[in-house]
Amino acid sequence: MKTRKLELNEHNLTRALWEEIFNEDSKKFLDYYYFMKAKDNEIYVIENDQEICSMLHLNPYALKLEDTQFQGSYIVGVATKPLHRKKGYMGTLLRQSLSDMYKRKEPFTFLMPAAESIYTPYDFRFVYDQNHTTLTDVKNIDGYKSVEATFFDCERVAAFYTENIEKNWQICTLRDSAYYQSLLLERQSELGGIRMVFEEDKLIGIFTYMMEDGLEIMEPLFLPGYESAMEQSVTQLKTEKNISGNVKIYASLIDTQEKKPAIMVRILHLEQLLKTLKVKPGKQLHCSFAILDYILPQNSKVWEIYNDLNSPDTPNVLHVRETEDSEGVLTIGALTSFVFGYKTLEEVAKEENVILTDHLAEELKKLKPLNRIYLNEVV
């Protein structure tokens with residue numbers, strides 16, 4: 001058994017394994033993936049007699065985290081040949097890739113799991129739900145028009161996202177014209193595209209769509225007050241494509257009754273992550289706690305966090321340093337659930353190996369949670 005990271009010119013060697021394990025993906029999609037994504041990502045493999053038996057892909061994304069930006073990694077394509085399962089190959093690849101990302105001081109990594117139970121032992125935790133709904137009775141509302149975006153429109157689409165959407169989130173991917181050009185090719189490989197919705201000459205919304213399994217609308221993003229314009233744009237799209245039946249919608253900005261856990265996060269370089277956190281306005285915070293991280297033991301230290309209300313420019317900025325005296329214990333997974341706003345401190349306190357004093361609990365509640373998250377990448 002040999003574990004290694006492939007050279008860029010070797011990435012296509014993993015396509016056969018992808019086709020074997022993810023056989024629901026079309027040839028057109030895989031042509032896109034190995035042309036666009038695999039040309040600059042990282043692929044870790046385990047080989048036996050020069051045969052690739054297991055793989056893990058890290059796809060790069062520029063990410064916003066509060067006031068900072070960093071180049072992060074999205075884990076996809078985790079697969080092992082059936083004959084070689086139950087041998088710990090996936091765990092080996094995860095540990096190696098997590099260690100390498102830690103060395104680059106990436107604050108966190110994320111993935112869309114096939115099953116939650118696969119990744120919780122490695123301290124991944126859900127942080128983001130995706131709203132699901134079905135549009136059955138589509139209304140036609142006059143005054144709006146929608147058109148297909150082309151490569152030449154991607155700069156305008158990216159500007160719409162940056163100016164109107166990005167500012168609403170604490171954590172999200174940063175999207176330039178190259179991002180949307182790649183996304184356009186991805187959707188086209190799934191028989192879809194990107195739609196731009198206008199009121200006269202004003203761009204008021206965008207969404208992507210797929211048609212491999214009926215019409216599916218992805219991440220509709222509209223200016224406030226224009227959400228109803230999506231119904232007409234969907235009507236126009238169905239007419240143009242001669243599509244009948246219900247429409248599935250996957251969205252973050254549309255409130256629906258059905259929400260499904262979608263994205264799991266794993267904290268990597270804890271100190272880097274803590275330094276991005278903010279203290280709630282007007283609060284003075286000072287506490288310390290021990291972290292248990294069995295996968296990345298470099299994080300297993302006693303951390304002291306505090307802010308300085310007397311600082312004229314940065315009263316809510318969190319300062320971080322190592323210390324010796326601990327007021328309690330948190331696992332890295334429990335901290336993830338709390339910091340990313342997915343669980344309350346009361347829920348976290350019930351988890352195994354978590355010990356919180358009353359003072360530590362009161363201090364941690366002064367942290368501003370990272371609960372405004374927009375991570376809905378697929379690959």
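A short reminder: the numbers here are calculations on the coordinates, not readings from a lab. Owing to the predicted nature of the structure, the values given are computational and were not obtained by experimental measurement. Note that we place each Cβ from the backbone using ideal geometry, even for glycine, and neighbour counts take in every protein chain shown.
Quick notes on this structure:
- Each Lys or Arg adds one and each Asp or Glu subtracts one; over the other residues with Cβ under 12 Å from the Cβ of E166, this totals +2.
- This model, with +1 at the C-beta of Lys and Arg and -1 at the C-beta of Asp and Glu, gives segment 62-185 a dipole about its Cα centre of some 840 debye.
- Whole-number percent relative contact order across segment 132-260, with pairs defined as alpha carbons under 8 Å at least 6 apart: 35
- Dipole magnitude for the chain: about 460 debye, using +1 per Lys or Arg Cβ and -1 per Asp or Glu Cβ, origin at the Cα centre.
- Net charge over other residues, Cβ less than 12 angstrom from the Cβ of A178 (K, R count +1; D, E count -1): -2
- Sorting the segments 169-182, 144-157, 347-360 by their mean number of nearby beta carbons within 10 angstrom, highest to lowest, gives 169-182, 144-157, 347-360.
- The chain: calculated mean residue ellipticity at 222 nm from DSSP helix runs of at least 4, using -39500 (n - 2.57): -7000 deg cm²/dmol
- Dipole magnitude of segment 159-247 about its Cα centre (Cβ charges: Lys, Arg +1; Asp, Glu -1), debye to nearest 20: 20
- Packing here is the average count of other Cβ atoms within 10 Å per residue, and on that basis the peptides 368-374, 317-323, highest first, run 368-374, 317-323.
- Too-long pairs where the Cα-Cα distance tops 30 Å, listed order kept, from K283/K350; K27/K64; K86/K278: K27/K64; K86/K278
- At R0 = 35 Å, FRET efficiency that the Cβ-Cβ distance of K28 and T68 yields, to 0.05: 0.40
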